[in-house]
Amino acid sequence: MAEAGAGSPRLAELLAVGRRLLDEVEAGAEPSSGAPAVQDKVRQGLDALRRAATMVAELDLFSENEELDEVASADLKFLLLPALQGALTLKQVDLSSRQQHLESARDHFLHFLKLCRSYGLGTFQLPPTTPRDEGAGSPPDSGNPPGAQPSLVAMAMSRNAKIERYKQKKELENKLASMRSFVESGTADEDQIREFYILQIQKWISTSLEELESIDQEMVILKNRDVARQAPAAPHGPSRPVRAPVRPFILTRDAAQARVFGAGYPGLPTMTVDDWYEQRRRQGIVSGQSVPQRAPGVSDEELQKQQQEKKEEEDEEALQKARNWDDWKDTHPRGYGNRQNMG
C-alpha cells in the first residue's frame, strides 16, 4: 500500500473541493435544487471526486486484506470518497436519467459500506447487492418469535434499527462538532485526528444505510410507474351503438296534409303516418304487424273513406245496442231476475 500523505497534496485538494461543493448544495442557498447554479456545483463536485477516486485506485491506498491499524491516519478521510460520490449523484435532477442516477448512487454507497465492513468500521447489516435480491442481508427466519408474521417482524426490526441509527448519528454529530475546531486549527494530535476521521466514517455509514433504503423505495416507484404507462387502458364498460340524432318532423294524416304542411313550413320535413310507421319498421323499433296495411292500388282518399265508413258502421251498431237496452228496461222492472236479496 502506498501512502497519500504529503506526497499527494492534489488528492487532498480534490477531496476538499468535492466535500465543500456537497456542503454548499445541501445548504440550499438556491431556491431550487434544479437551478443551473446548483447543478453546476453538482457537476464540478462529481468531477473532482471522480478524479480523486481514480488516484486512490492508482495508489492502491486501501485493500481488503489489511487491518484498520495499517491505514495511515491522514489516509482515513479518503475512505469517504464513494459515499460522497453517492450523495452528489443523488443531487442530479435530470428526470430522464433518474433511474441511472439511482443505480450509480446505490453502487457508490454499497462500495463504501463494503469497504468499511472489511476494515471492521461499525456493526451493521449489509444491504443486498441489488433491490431484486429477495431475502439477501435479512435476518434468518429461525429468529422470529413463534406464530409471528415474518413481514411484521422485519418491519419491527427495521424500525428499531432506524431508531438506533438515528441516536448514534446524533451522538456522532455532537462529538464531531466538539472536535472539529481542534482538527481544522491544526492543534489536534494524531490520535485525535484519527478518531475524528473514524467518527466521520461511522456517521456516513448511517447516512449510506438511510440513502440506500430511500433509493430502493424510489426505484420501486419508478418501476411501477413505467409498468402503468405501458399497460393498455382498460375499457370502462361495453360500448353502446351510436344512434343517429332524430330530426324534428310533423306527422300528417295523409299525403294531402303533408303537402299543405310542407308548403307552410318548407324548412321542416313532413311525413304521413304510414311513412312514419314504415320508417320505424325499417329501424326495427316497431314490428311489421303494427304497421297499418292497405290493399294495393288504394289511394289515401279511398283508404280514408273506408275508415270513415267502418267507423260509422261501428257507431250504428253501438246505437242499436243502446236502443235494445232501453227497450229491455221498459219491459223489465229494476231488480228483475235478482233472486239473491229476497224480502
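Judged by the mean number of other Cβ atoms found within 10 Å, the most tightly packed of the peptides 200-212, 216-228 leads the ranking 200-212, 216-228.
Under 24 Å of direct C-alpha separation, and excluding same-chain neighbours fewer than eight residues apart, LYS41 reaches these lysines: LYS77, LYS91, LYS203.
Among the protein heavy atoms of the range 50-131, carbon and sulfur supply 47% of the accessible surface, probe 1.4 Å, non-protein parts ignored. The aspartates and glutamates whose alpha-carbon is closer than 18 Å to the alpha-carbon of LYS311, local same-chain residues fewer than 8 away aside, are ASP254, ASP300, GLU301, GLU302.
The values are calculated or read from the model by the stated rules, or taken from the named source; none is laboratory data. Only a predicted model underlies this, so the values are computations on that prediction, with no experimental measurement involved. Please note: Cβ atoms are built from the backbone with ideal geometry, for glycine as well, and neighbour counts cover all protein chains shown. Note: areas computed on protein heavy atoms with side chains; ligands, DNA, RNA excluded. Shrake-Rupley method; radii C 1.70, N 1.55, O 1.52, S 1.80 Å.
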